[in-house]
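Down below is the structure, laid out as structure tokens.
The values are calculated or read from the model by the stated rules, or taken from the named source; none is laboratory data. Computed from a prediction, not measured in an experiment: that's the story for all the values here. Cβ sites come from the backbone with ideal geometry, for glycine too, and all protein chains shown count toward neighbours. Just so you know, the surface numbers come from the protein's heavy atoms only, side chains and all, with ligands and any DNA or RNA stripped out. Shrake-Rupley method; radii C 1.70, N 1.55, O 1.52, S 1.80 Å.
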Amino acid sequence: MDREVSRIIENRQLAGGIYKMTLETKECKFSRPGQFAMIGVEGKFLRRPISVCEYDSDRYTIIYKVVGEGTDILSRMLPGEKVNSITGCGNGYDVDAIPDGAYLVAGGIGIPPMLGLMKALVMQGKNANLVLGFNSKNDFFLIEEFRNICGNIDILTADGSNGRKGFVTDAFAHADYACACGPTGMLKALDSKVSRGQFSLEARMGCGFGACMGCSINTLEGPMRVCKEGPVFDKEIIEWQKL
Amino acid sequence: MAETIKTNAPAWAEASAMAGADMRVNLCGIELANPVMPASGTFGYGMEYRELYDLNLLGAIVTKSVTLEPRYGNELPRIAECTSGMLNSIGLQNPGIEHYMSEDIPMLRKHYHGPIVSNVSEFSVEGYAEAVGKLNSLDDISMFEINISCPNVHHGGSSFGADPALAEEITRACRKSTDKPLFMKLTPNVTSISEIAKACEAGGADGISLINNFKAMRIDLKTRKTITSEKYAGLSGPAIRPIAMRMVNEVYHAVKLPIIGIGGIQTADDVLEMIMAGASAIEVGSANLIDPWVCPQIIEDLPKRMVELGITNLNEIRGVV
């Protein structure tokens, strides 16, 4: 059986507890920004779902935060080592549906997928207003990469150590259209300030490819799996009060 | 032989038999090209795996538990991890029997031509009988596996499988609703699994599937709450395999029915060990979730291991212990 294996090209720390890993694999199955990979970690039973930052046909980058034993093991892996992977998991952002001048809003470890999304929008000749939220300036990462492709960036820190003090929800009063990625609390707070958009949810997953029903949420269109119909959903169909 | 496996289970089985490793099994008159089937609840209705490999490699497919009415299941989180395994508290999420019959089975049949085992769950004796009665009309269903062992529902579920009298009554009721092979899937959360198996035999079962998940618990040290929203969830994975082996062996010596062995199987060696314990066929459960290619890998490895171990036919090793 031909299983998917990815080889680590680089794995380095970007900020406190935040790591960037670039991997290569024969068949890289990503087709949209906002999708994720399931990465196997030696000694851990379940694979880890990690959203893709950027990808091409045989190479992809994930940026992850060390939150437990699994991601800690991952952070200590070296270039040349191999991991079991499943690339191209889930439903990403529908770039065609995003209008010119939309907001892209992300907080913390929800930021990486926005780089791939921003680049895809630039390719289509669209502008966007980027809003990034961090706890503190010590947590900054990817800022330069975003500045290279987007002239309209609003950075907020919860402790006011750099940029504006506040949360991403303080960045604007109302938006017609926004794409968002971040903690559930952030997305809930954002929901009422945005008319339409695509929000990326997170959930504790079992398989990551739709088989176990471990991450099903209620939507106005019935139960949906965060790992399969999501993680990116039209935000209008989410039953936010039930999350 | 290596090319054959990519397309067709019977052809692979025949080639293997010719090479001295016959992995074909007969389960109550149903011919399986090999003893490997994905376990209910780890394989949906096959569509997610169809994207990864040809389903026709499998010995049979056991579909996710279906109930008369659609169910959303339990609140999130439904998954926790542990050493050598995982906990789940899905709660029988499924689209209901009408959708299953009109959409899911026909869709599976489009892509898969082998035996389909329909796993059925309900919340009363009458409910089980009604569900099996409805499903019995589908020619695409070869066999039933009655789930009297779900650890994740508050009514019915494993409480049915923990009471011999109730287990027998449900078996009898299902038996009246179908002439197709009827397997009862048992819970390990009992004092004597042999007693439950005997009760199912008395009720007219054709076979026994075991085991379902163990009731288990994980606690988050920071929140001081259980990791799953349901306090107790079902433990599966290699952690439970030796216990499943023992229970299969107990049941093998207690009843005359064929057994489908389930619990933590991940490799061809695990399959052979389970058959030596007394199983006629096996199901692969949570291993599918962490390695979706595991079933075809086992099927590819099995004849090789049989040759290495001097096993020409699975019948010769069944229940040797």
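Before moving on, here are some points about what is shown:
- Test: residue B:135 is within 14 Å of chain A (Cβ to nearest Cβ) and in contact with a strand residue (DSSP E or B) (Cβ under 8 Å, 6 or more places away or on another chain): no
- None of B:209, B:229 is outside any helix (DSSP H, G or I) and buried (at least 19 other Cβ atoms within 10 Å of the Cβ) except B:209.
- Residues within the range B:166-204 that are open to solvent by 10 Å² or more (accessible area, probe 1.4 Å) and part of a loop (DSSP other than H, G, I, E, B), tallied: 8
- For the range A:1-28, a residue qualifies if it is within 14 Å of another protein chain (Cβ to nearest Cβ) and in contact (Cβ under 8 Å) with a residue 60 or more places away in the chain, and the qualifying residues are A:3, A:4, A:5, A:27.
- When restricted to residues that are buried (at least 18 other Cβ atoms within 10 Å of the Cβ) and either part of a strand (DSSP E or B) or more than 8 Å from chain A (Cβ to nearest Cβ) (or both), the range B:31-46 contains 11.
- So residue B:278, is it closer than 24 Å to residue B:29 by Cα and in contact with a strand residue (DSSP E or B) (Cβ under 8 Å, 6 or more places away or on another chain): yes
- When the range A:47-71 is filtered for residues that are within 14 Å of chain B (Cβ to nearest Cβ) and open to solvent by less than 10 Å² (accessible area, probe 1.4 Å), only A:70 remains.
- Failed condition for residue A:116, given (1) among the small types (Gly, Ala, Ser); (2) out of contact with any Lys or Arg (no Cβ under 8 Å at 6 or more places or on another chain); (3) assigned to a strand (DSSP E or B): (3)
Residue by residue, here is whether (1) under 22 Å from residue B:56 (Cα atoms); (2) of a type in the set (A, V, I, L, M, F, W, C); (3) at pLDDT below 95; (4) surrounded by fewer than 19 Cβ atoms within 10 Å (Cβ to Cβ) holds:
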residue	(1), (2), (3), (4)
B:243	no, yes, no, yes
B:268	yes, yes, no, no
B:275	no, yes, no, no
B:282	yes, yes, no, no
B:294	yes, yes, no, no
B:302	yes, yes, no, no
B:312	no, no, no, yes
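- From the list B:105, B:90, the lone residue that is among the β-branched types (Val, Ile, Thr), touching a strand residue (DSSP E or B) at 6+ places or on another chain (Cβ under 9 Å) and part of a helix (DSSP H, G or I) is B:105.
- Residue match in the range A:206-224 (condition: more than 14 Å from chain B (Cβ to nearest Cβ), hydrophobic (A, V, I, L, M, F, W, C) and open to solvent by less than 50 Å² (accessible area, probe 1.4 Å)): no
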